[in-house]
1. Once you keep just the Cα pairs under 8 angstrom separated by 6 or more residues, what percentage relative contact order results for the chain?
2. Can you give the Rg/Rh ratio of the chain, where Rg is from the C-alpha atoms and Rh is the Kirkwood radius?
3. When the chain is treated as a GNM, springs tying every alpha-carbon pair under 10 Å, which of 37, 151, 17 comes out with the largest mean-square fluctuation?
4. Could you give the DSSP H helices of the chain that reach 20 angstrom or more along their long axis (alpha carbon positions) and whose average Kyte-Doolittle hydropathy is no lower than 0.5?
5. Specify the residue with the greatest mean-square fluctuation among 46, 139, 107, computed from a Gaussian network of the chain linking alpha-carbon atoms under 10 Å apart.
6. So how do 48, 162 line up by other beta-carbon neighbours within 10 Å, fewest first?
7. Using alpha-carbon positions, what is the distance between the centroids of region 132-168 and region 67-88, in Å?
8. From the C-alpha coordinates alone, can you work out the Kirkwood hydrodynamic radius of region 65-156, in Å?
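Here, each number is a calculation from the coordinates, and none is a lab measurement. The structure displayed is predicted, hence computed values, not measured ones. Backbone-built Cβ (ideal geometry, glycine too); neighbour counts: all protein chains shown.
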Amino acid sequence: MGSKTTPQVNGINIAAVEAFRDKVQRDASLADNQPTVIATWVGGYRSRVELDGKTMHLGGDGDFNSMEALLGTLAACDVDLLAMHAALLGLEVKNLRVEATGNFNLRAYLGLEAAGSGYTGISYKIILNAPDATEEQIRSLRERIEHSSPVGDSLARSIPLRVEFSTD
């Protein structure tokens, strides 16, 4: 008797995605997330960022700085999104790359201006090699990127930020 394997496309467990999507369809609150990350100064320009036992470093020699990580987060989110939706369409992805570029100025960061050190614009290019994709499937994937990217959507709209500052 052979073992039953879970169908995967692009390394994504289709049954698990579809099962979760069905659960969310029945109970939209299952899609709500509210993570809290903690960034701790390590020294110099370097921070350790933690979430649920996972750790990464930003800043310092050899690591992405925060602004580079923001672009990387956008690109990685869209790689994830495209790979999953291609898999749900049954499309095998041979290659997928997202190139993100942004422009920002460090004057406010350096204290030379009162505000305005963030990106003034971000553009990105998606290079997808899915040889069996139809034009309709490509159109569907493009729509997913334009309307369903959590990071892209977050960057495209104004998100209220509240800062609480305390000393210990």
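1. Working: 174 pairs, mean separation 28.3, N = 168.
Contact order relative to length: 17 percent.
2. Rg divided by Rh gives 1.03.
3. Highest fluctuation among the options: 37.
4. Working: long enough: 66-88 (32 Å, 1.24).
Helices passing the filter in the chain: 66-88.
5. 107
6. Working: 48 14, 162 4.
Lowest count first: 162, 48.
7. Rounded to whole Å, the Cα centres lie 9 Å apart.
8. Taking every pair of different Cα atoms in region 65-156, averaging 1/r and inverting gives 14.5 Å.
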